[in-house]
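Following: one structure in structure tokens, then a few remarks.
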Amino acid sequence: MNKQELIEKINEALAEEFEIEVSDITPDADIKQTLELDSLSLVDMVALVESVSGVKIKGSEVSSIKTFGALYDYLAERL
Amino acid sequence: MMNRVVITGMGIYSCLGKTLDEVRDSLYYGKSGIIFDPERKEMGFRSALTAKIEVPDLRKELSRSQRVYMPEQAKYAYCATADALKAAGIDQDYLNTHEVGLLYGNDSSADPVVRAVDTMREKKDTTLCGSGAIFQSMNSTVTMNLGCIFKLKGINLTVSGACASGSHAIGLGALLIQNGLQEMIVCGGAQEVNPFSIGSFDGISAFSIRESEPQKASRPFDRDRDGLVPGGGAATVILESYESAVRRGAPILAEVLGYGFSSNGDHISSPNVDGPARSLKMAIRRAGIDIREIGYVNAHATSTHVGDANEAKAIFNVFGEKSVEVTSTKSQTGHEMWMAGASEVIYSMLMMKNGFIAGNINFENPDEDSAHLLIPSKTIEKKFDTFLSNSFGFGGTNSTLIIRNL
């Protein structure tokens, strides 16, 4: 899976789970604001991303990943 | 001076229907909600019989952040409670400005537990269980979800009293209102229907294996009964002080006259006669009525050999020979367990309001105990104003409610 394929899969999965349009997800958009995450649903976002990508996001690093672009980069580096 | 306690709204999500009208018609026409579920056979079940319930799709009614914490039985309970509140004339503004309580029977939430454990074992990563798993897994999942969704501000408590849970919830709610501690309480019972929830119950040979005739399998009091059939869903009644109901101009449907309870102090699964009889007598005593005023007895009878026989003895001991119609609606619904005490109040209410007693379907031949009871196997037209409903559970917990038409 290359980075573009990964981005498409992640976006589709997040849009379906959090009931938004794929078009709402852009690289510069804030993840928490776009998905309307609180401390609990943040766990679901992490779990979903891990399931789709196979990459485990360290708990200590979750808070530093602010935008979707940062998330894609984090995952792509670890594929 | 005790407050009078009345029922001002009802809602149900049952294998007999999702509206009160549907359920009334199913009761009247003797419909069975039981099917054969091939998936259970593949899972190694001794009996693949179950009530058929569809899990509601609540995407239009509730947000993702509300739904993610709800196991199936909380979804059933949401539907039943939304309908009951609407029927009682209660809107969100009222709930926001009054201390409305919540007492709901629930005694398991197996499916989310199993799924979370499977994930932990397979993935070795607890994060993958998701945020909903813990809230879905707890026994109090129904009350925690309903309390947050409807923004309830009074007592918030799950009643786990095995198969008497729903009945105890109503009885305890009535006690709180009688004593002036709450003016209104949402009461009910919910039961999950997934295979994981009752696999181990199947394992103790408690279920009917009349798989070739699913709709004839649940046959309480019948000589040839061979076990219960599991069911589920949810049922909600709105309990309210009489004064509050009058003040609101609410529809006053009935009055909770008596709540009796007891514990057998005996075997974990085999009921006795003394415990249930004491529960019946306590309810009648607290109701302060002549036993002849009771026009219908909704029995707990689940279609097991010992349970039905001992309940028949207890009813006979209290009421005597064939003095009042006795039926078990479980002949149509199967055993709705944690939900049953609440749903059977609603089934009985629907009969009382519509002047009939639903036949105890599949009652073809009495045994030596049920022969002493008046058990119609087909629906009869009968007007009655007071009924008694029994619910008994594992560990010997017993609950009896007496309710009068208003």
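The values are calculated or read from the model by the stated rules, or taken from the named source; none is laboratory data. Note that this is a predicted model, so its numbers are computed, not measured. A quick note on method: Cβ atoms are made from the backbone with ideal geometry, for glycine too, and the neighbour counts reach across all protein chains shown.
Within segment B:258-271, work out how many residues are crowded, with 18+ Cβ neighbours inside 10 Å and more than 20 Å from the chain's Cα centre (by Cα). I'd like the intermediate steps shown before the answer.
Taking segment B:258-271 as the starting set, the residues that turn out to be crowded, with 18+ Cβ neighbours inside 10 Å are B:258-262, B:264, B:271.
Now restrict to residues that are more than 20 Å from the chain's Cα centre (by Cα): B:264.
Going through segment B:258-271 one residue at a time, the tally reaches 1.
I'm trying to understand the selection: among the residues of segment A:60-72, which are among the small types (Gly, Ala, Ser), part of a helix (DSSP H, G or I) and either modelled with pLDDT of 90 or more or buried (at least 19 other Cβ atoms within 10 Å of the Cβ) (or both)? Even if it seems obvious, please write down each step before you answer.
Restricting attention to segment A:60-72, the residues satisfying the condition of being among the small types (Gly, Ala, Ser) are A:60, A:63-64, A:69-70.
From what's left, part of a helix (DSSP H, G or I): A:60, A:69-70.
Residues satisfying the conditions are A:Gly69, A:Ala70.
Does B:Ser343 satisfy the condition of being hydroxyl-bearing (Ser, Thr, Tyr), closer than 19 Å to B:Met10 by Cβ and touching a strand residue (DSSP E or B) at 6+ places or on another chain (Cβ under 6 Å)?
Details: hydroxyl-bearing (Ser, Thr, Tyr): yes; closer than 19 Å to B:Met10 by Cβ: yes; touching a strand residue (DSSP E or B) at 6+ places or on another chain (Cβ under 6 Å): yes.
Yes, satisfied.
Hey, could you check segment A:60-69 for residues that are more than 12 Å from A:Leu14 (Cα to Cα) and not basic (Lys, Arg) and say which is nearest to the other protein chains (Cβ to nearest Cβ)? I'd like the intermediate steps shown before the answer.
Of all residues in segment A:60-69, those more than 12 Å from A:Leu14 (Cα to Cα) come to A:60-67, A:69.
Pick out the ones that are also not basic (Lys, Arg) and you get A:60-65, A:67, A:69.
Details: A:Ser60: 13, A:Glu61: 13, A:Val62: 10, A:Ser63: 14, A:Ser64: 17, A:Ile65: 15, A:Thr67: 21, A:Gly69: 23 Å.
It comes out as A:Val62.
Determine whether B:Ala77 is closer than 17 Å to B:Gly147 by Cα and among the small types (Gly, Ala, Ser).
On the way: closer than 17 Å to B:Gly147 by Cα: yes; among the small types (Gly, Ala, Ser): yes.
Answer is yes for this residue.
If you check B:Val159, B:Val193, which single one turns out to be in contact with a Ser or Thr (Cβ under 6 Å, 6 or more places away or on another chain) and either more than 18 Å from B:Thr400 (Cα to Cα) or in contact (Cβ under 8 Å) with a residue 40 or more places away in the chain (or both)? Write out each step before concluding.
Working: B:Val193 fails: in contact with a Ser or Thr (Cβ under 6 Å, 6 or more places away or on another chain).
The conditions single out B:Val159.
Would you confirm whether any residue within segment B:315-327 is within 16 Å of the chain's Cα centre (by Cα) and closer than 13 Å to B:Phe221 by Cα?
We begin by selecting, within segment B:315-327, every residue within 16 Å of the chain's Cα centre (by Cα); these are B:327.
Then drop every residue that is not closer than 13 Å to B:Phe221 by Cα, which leaves B:327.
Checked against the condition, which is being within 16 Å of the chain's Cα centre (by Cα) and closer than 13 Å to B:Phe221 by Cα, segment B:315-327 yields at least one hit.
For segment B:235-250, check the following and say yes or no: at least one residue is surrounded by 17 or more Cβ atoms within 10 Å (Cβ to Cβ) and closer than 16 Å to B:Gly307 by Cβ.
No, the conditions are met nowhere in segment B:235-250.
Looking at B:Glu336, B:Glu255, which is the one that is surrounded by fewer than 22 Cβ atoms within 10 Å (Cβ to Cβ), over 13 Å from B:Asn390 (Cβ atoms) and among the charged types (D, E, K, R)? Break it down into steps so the answer makes sense when it comes.
Values: B:Glu336 fails: surrounded by fewer than 22 Cβ atoms within 10 Å (Cβ to Cβ).
Every option except B:Glu255 fails the conditions.
If I go through segment B:158-197 residue by residue, how many of them are among the hydrophobic types (A, V, I, L, M, F, W, C) and more than 23 Å from B:Glu240 (Cβ to Cβ)? Lay out the reasoning, then the answer.
As a first pass, look at segment B:158-197 and keep what is among the hydrophobic types (A, V, I, L, M, F, W, C): B:159, B:162-164, B:169-170, B:172, B:174-177, B:181, B:184-187, B:190, B:193, B:196.
The next check asks that each one be more than 23 Å from B:Glu240 (Cβ to Cβ); those that pass are B:162-163, B:193, B:196.
Here the count works out to 4.
From the residues in segment B:57-87 that are part of a helix (DSSP H, G or I) and within 14 Å of chain A (Cβ to nearest Cβ), which one is farthest from B:Asp21 (Cα to Cα)?
Here the residue is B:Ser65.
Taking the condition part of a helix (DSSP H, G or I) and facing chain B (nearest Cβ under 8 Å), does A:Ser51 pass? Even if it seems obvious, please write down each step before you answer.
On the way: part of a helix (DSSP H, G or I): yes; facing chain B (nearest Cβ under 8 Å): yes.
Spelling it out, A:Ser51 is indeed part of a helix (DSSP H, G or I) and facing chain B (nearest Cβ under 8 Å).
Please verify whether segment B:33-40 includes one or more residues that are crowded, with 17+ Cβ neighbours inside 10 Å, under 25 Å from B:Lys382 (Cβ atoms) and at pLDDT 95 or above.
Yes, that holds for at least one residue.
Checking A:Ile57 against (1) without any contact (Cβ under 8 Å) to a residue 12 or more places away in the chain; (2) within 13 Å of chain B (Cβ to nearest Cβ); (3) assigned to a loop (DSSP other than H, G, I, E, B): exactly one of these is not met. Which one?
So the condition that A:Ile57 fails would be (1).
For segment B:210-229, indicate whether the set of residues that are in a strand (DSSP E or B), surrounded by 17 or more Cβ atoms within 10 Å (Cβ to Cβ) and in contact with a strand residue (DSSP E or B) (Cβ under 6 Å, 6 or more places away or on another chain) is non-empty. Walk me through how you get there before you give the answer.
Residues of segment B:210-229 in a strand (DSSP E or B): B:222, B:228.
Add one more test, that the residue is surrounded by 17 or more Cβ atoms within 10 Å (Cβ to Cβ), and what stays is B:222, B:228.
The next check asks that each one be in contact with a strand residue (DSSP E or B) (Cβ under 6 Å, 6 or more places away or on another chain); those that pass are B:228.
Yes, segment B:210-229 has at least one match.
List every residue pair whose Cβ atoms sit under 7 Å apart, with the two residues 6 or more apart in sequence or on different chains, where the first one lies in segment A:28-48 and is more than 9 Å from every other protein chain (Cβ to nearest Cβ) and the second, anywhere, is basic (Lys, Arg).
A:Asp30/A:Lys66; A:Ile31/A:Lys66
Quickly run through segment B:121-150 and pick out the residues that are assigned to a loop (DSSP other than H, G, I, E, B) and either within 14 Å of another protein chain (Cβ to nearest Cβ) or touching a residue at least 60 places away in the same chain (Cβ under 8 Å) (or both). Lay out the reasoning, then the answer.
From segment B:121-150, those assigned to a loop (DSSP other than H, G, I, E, B) are B:124-125, B:130-131, B:138-140, B:150; that's our starting set.
B:Lys124, B:Asp125, B:Gly130, B:Ser131, B:Phe150, listed by residue number.
Among the numbered criteria (1) outside any loop (DSSP other than H, G, I, E, B); (2) touching a residue at least 60 places away in the same chain (Cβ under 8 Å); (3) out of contact with any Ser or Thr (no Cβ under 7 Å at 6 or more places or on another chain); (4) not aromatic (Phe, Trp, Tyr), which single criterion is violated by B:Val23?
(3)
Being part of a loop (DSSP other than H, G, I, E, B) and of a type in the set (Gly, Ala, Ser) is the filter here, so list the residues in segment B:26-45 that pass it. If you could, list the steps in order and put the result at the bottom.
In the first step, residues of segment B:26-45 are kept if they are part of a loop (DSSP other than H, G, I, E, B); the result is B:29-33, B:37, B:43-45.
Hits for segment B:26-45 are B:Gly30, B:Ser32, B:Gly33, B:Gly44.
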